[in-house]
Amino acid sequence: MPVGRARGRRVNAGPGIGGADGGISWLMPSSGREQGGEGVGEQEAWGSHPGWRLREKARVMDGPAMTRALKRIAHEITERNQGAEDLVLVGIRRRGVPLAQRLARYLREFEGVTVPVGVLDITLYRDDLTARGDKPLVYRTEIPFRLTGKKVVLVDDVLYTGRTVRAALDALMDLGRPAEIQLAVLVDRGHRELPIRADYVGKNLPTSRREQVEVKVEEVDGRDEVLILEAETGDPRSEDGET
Amino acid sequence: MPTVLQGATNQAQPGQDGPVPGHLLSLRETPEEEIQGLLDLAFSFLEVLEREVKKVPTLRGKVVACAFFEPSTRTMKSFDLAARYLSADVTTLTGEVSSVAKGESLEDTARALRQMGADCLVIRHPLSGAAHFLARRVDLPVINAGDGRHEHPTQGLLDLLTLRERWGDFRGRKVAIVGDVLHSRVARSDIWGLTKLGAEVCLFGPPTLLPERPELLGLPGRVRVARSLPEALEGADAVIALRLQRERQKRGLLPSLEEYASFWGLRKEILDRWCPEAFLLHPGPVNRGLELDGEAMEAPRSLVEEQVRRGVAVRMAVLYRVLAGRAGSSG
């Protein structure tokens with residue numbers, strides 16, 4: 001059998017190790033790297049459409065607004081938990097991580113306690129791994145402390161469908177048995193597909209599915225801001241997994 | 001015919017028609033950035049191995065079929081556990097191959113496994129080219145777990161991962177590979193991997209156990225042959241000892257095992273003298289006292305146990321790459 005035939009059948013499944021077909025190589029999905037994307041937040045995982053032309057529609061938070069929101073969340077966390085005892089923060093890669101670190105800093109300022117911060121990569125727990133054409137990169141989960149018996153505050157940048165949080169909950173459960181898990185997000189943009197809600201929200205942001213919410217953080221992007229982007233044409237969701 | 005292709009079947013010579021997508025067949029055909037990508041992934045999977053619950057749901061519902069037509073404990077168990085840690089189901093078929101009608105029965109076996117629901121095939125076979133042969137004939141992703149004297153890409157990757165954790169960068173590094181290069185698929189994968197990542201490789205072994213054109217085993221200009229053991233070891237940043245394949249020594253290529261041990265065996269004092277800083281690797285299982293003495297193996301320089309753990313992480317990475325994201329998008 002000529003090689004060409006075998007190749008033809010298989011290319012769509014993701015071009016191979018040889019990568020001689022000139023297409024994307026399944027060994028190095030280019031999207032993850034080029035975006036500087038280390039891990040995927042919910043929007044990158046389920047809501048972003050790299051192949052789509054997006055235009056900026058509105059800038060809904062600037063640096064000071066983000067700081068105020070995070071400080072308020074830090075206060076709410078200590079209020080609800082009556083301090084910060086037995087509390088740990090776990091940031092979802094990628095932008096949940098710097099947000100969790102900032103919350104820890106504010107908790108130290110306000111309460112004088114050091115709250116450990118862990119890093120969670122949810123890729124291995126995603127529910128769409130076999131449905132997507134690309135192959136998301138997997139980064140390390142770094143939670144160098146025990147979760148069992150702790151109150152875990154899970155931190156992410158944007159809450160959207162809820163699928164990332166579902167994956168994160170499963171991942172956390174495999175790592176230990178926390179006494180409680182709470183959820184803090186900078187932006188809740190609605191459109192939940194699962195029965196999940198946040199305990200702490202920086203800003204509620206009504207959006208349409210055509211839009212995309214982009215959170216930029218100093219530590220990753222060089223500046224703090226929240227933007228609403230809009231797809232120029234068509235329905236981006238129908239393209240999911242095709243890019 | 002280049003040395004790499006020796007022993008290939010007529011039906012499918014390794015790499016003859018260029019790379020076949022969707023599989024892991026050899027490091028020779030795998031571009032550098034893809035090797036690095038796999039190593040990055042494997043490094044992430046190492047963390048999963050350190051967890052209390054060593055299981056992630058990633059490949060739930062996927063079936064990995066391992067067909068091992070040659071004795072193997074380590075590689076087979078390593079693939080088996082890697083698949084299980086990712087929640088895939090594993091079915092393993094072992095057996096010797098009769099010398100007739102190999103190609104035909106191999107293909108039929110693979111097709112049958114596919115009909116039973118296998119999503120990928122991990123193959124170990126005594127014939128060079130067996131994995132390529134299957135990759136071209138059976139509509140399943142194929143992972144080469146060692147084919148004849150051709151390649152053993154996951155072993156090559158785990159050696160690279162072990163060294164990359166120590167070095168970060170391979171450029172400017174010198175690696176000595178000592179022993180039975182002729183019969184070693186591990187050496188072939190190691191040499192391609194190492195030279196692609198920028199290291200230089202120096203080979204040493206009994207002249208009867210070196211291939212005719214060793215410089216063709218890796219990127220041009222990066223492979224050379226030493227005339228003596230000290231020459232091979234001096235300045236080396238790592239030494240890879242190859243297993244003397246006693247089962248392949250029936251053709252009288254060696255006068256005796258004792259002679260092999262005294263001229264080509266790596267002993268602690270030799271390593272301490274010529275390359276005191278070098279790491280020591282061995283693909284296992286070790287013939288203690290033959291290619292490697294017990295003392296050398298236990299020394300701090302020895303990364304042999306790290307290699308075994310990284311082997312599982314590398315195989316998790318390869319299975320993830322082959323199986324995740326396949327179902328919904330196949331053409």
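The values are calculated or read from the model by the stated rules, or taken from the named source; none is laboratory data. Computed from a predicted model, the values in this text were never measured in an experiment. Virtual Cβ from ideal backbone geometry, glycine too; neighbours counted across all protein chains shown.
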Among the numbered criteria (1) within 14 Å of chain B (Cβ to nearest Cβ); (2) modelled with pLDDT of 95 or more, which one does A:Val11 miss? (2)
All conditions in (1) facing another protein chain (nearest Cβ under 9 Å); (2) not in a loop (DSSP other than H, G, I, E, B) are true of B:Cys66 except (1)
Which one of B:Glu52, B:Glu29 is acidic (Asp, Glu), within 28 Å of A:Leu120 (Cβ to Cβ) and either assigned by TED's automatic domain parsing to the domain that holds B:Gly198 or not in a strand (DSSP E or B) (or both)? B:Glu52
So how many residues does region A:83-131 have that are among the aliphatic types (A, V, I, L, M), over 19 Å from A:Pro144 (Cβ atoms) and surrounded by fewer than 15 Cβ atoms within 10 Å (Cβ to Cβ)? 1
Name every residue in region B:287-311 that is farther than 22 Å from B:Leu49 by Cβ, assigned to a loop (DSSP other than H, G, I, E, B) and touching a strand residue (DSSP E or B) at 6+ places or on another chain (Cβ under 9 Å), in order of residue number. B:Glu291, B:Asp293, B:Ala299, B:Arg301
Pairing a residue in region B:145-163 that is over 17 Å from B:Arg310 (Cα atoms) with any residue that is outside any strand (DSSP E or B) and aromatic (Phe, Trp, Tyr), where Cβ atoms lie under 9 Å and the two sit 6 or more apart in sequence or on different chains, gives B:Asp147/B:Phe133; B:Glu151/B:Trp192
Looking only at region B:278-308, which residues are touching a residue at least 40 places away in the same chain (Cβ under 8 Å), more than 15 Å from B:Ala232 (Cβ to Cβ) and acidic (Asp, Glu)? B:Glu306
Checking B:Pro255 against (1) free of Cβ contacts under 8 Å to residues at least 40 places away in the same chain; (2) within 18 Å of B:Gln155 (Cβ to Cβ); (3) assigned to a loop (DSSP other than H, G, I, E, B), which single condition isn't satisfied? (2)
Which of (1) in contact with a strand residue (DSSP E or B) (Cβ under 6 Å, 6 or more places away or on another chain); (2) among the charged types (D, E, K, R); (3) under 22 Å from A:Val119 (Cβ atoms) is the odd one out, the single condition A:Arg210 does not satisfy? (3)
Out of B:Leu194, B:Leu182, which single residue is crowded, with 21+ Cβ neighbours inside 10 Å, farther than 23 Å from B:Leu303 by Cβ and among the hydrophobic types (A, V, I, L, M, F, W, C)? B:Leu182
Filter result for the condition that a residue is crowded, with 21+ Cβ neighbours inside 10 Å, within 22 Å of the chain's Cα centre (by Cα) and either modelled with pLDDT of 95 or more or among the small types (Gly, Ala, Ser) (or both), over A:Gly36, A:Gly32: A:Gly32
Condition met for B:Gly198 (assigned to a loop (DSSP other than H, G, I, E, B) and under 23 Å from the mean Cα position of the chain (by Cα)): yes
Would you point out the residue of region B:72-99, among those that are in contact (Cβ under 8 Å) with a residue 12 or more places away in the chain and part of a loop (DSSP other than H, G, I, E, B), that is surrounded by the most Cβ atoms within 10 Å (Cβ to Cβ)? B:Leu86
Under 6 Å by Cβ, and 6 or more places apart or on different chains, what pairs join a residue from region A:159-188 that is away from every other protein chain (no Cβ under 12 Å) with one that is assigned to a strand (DSSP E or B) and basic (Lys, Arg)? A:Ala179/A:Lys151; A:Glu180/A:Lys151; A:Val187/A:Lys203
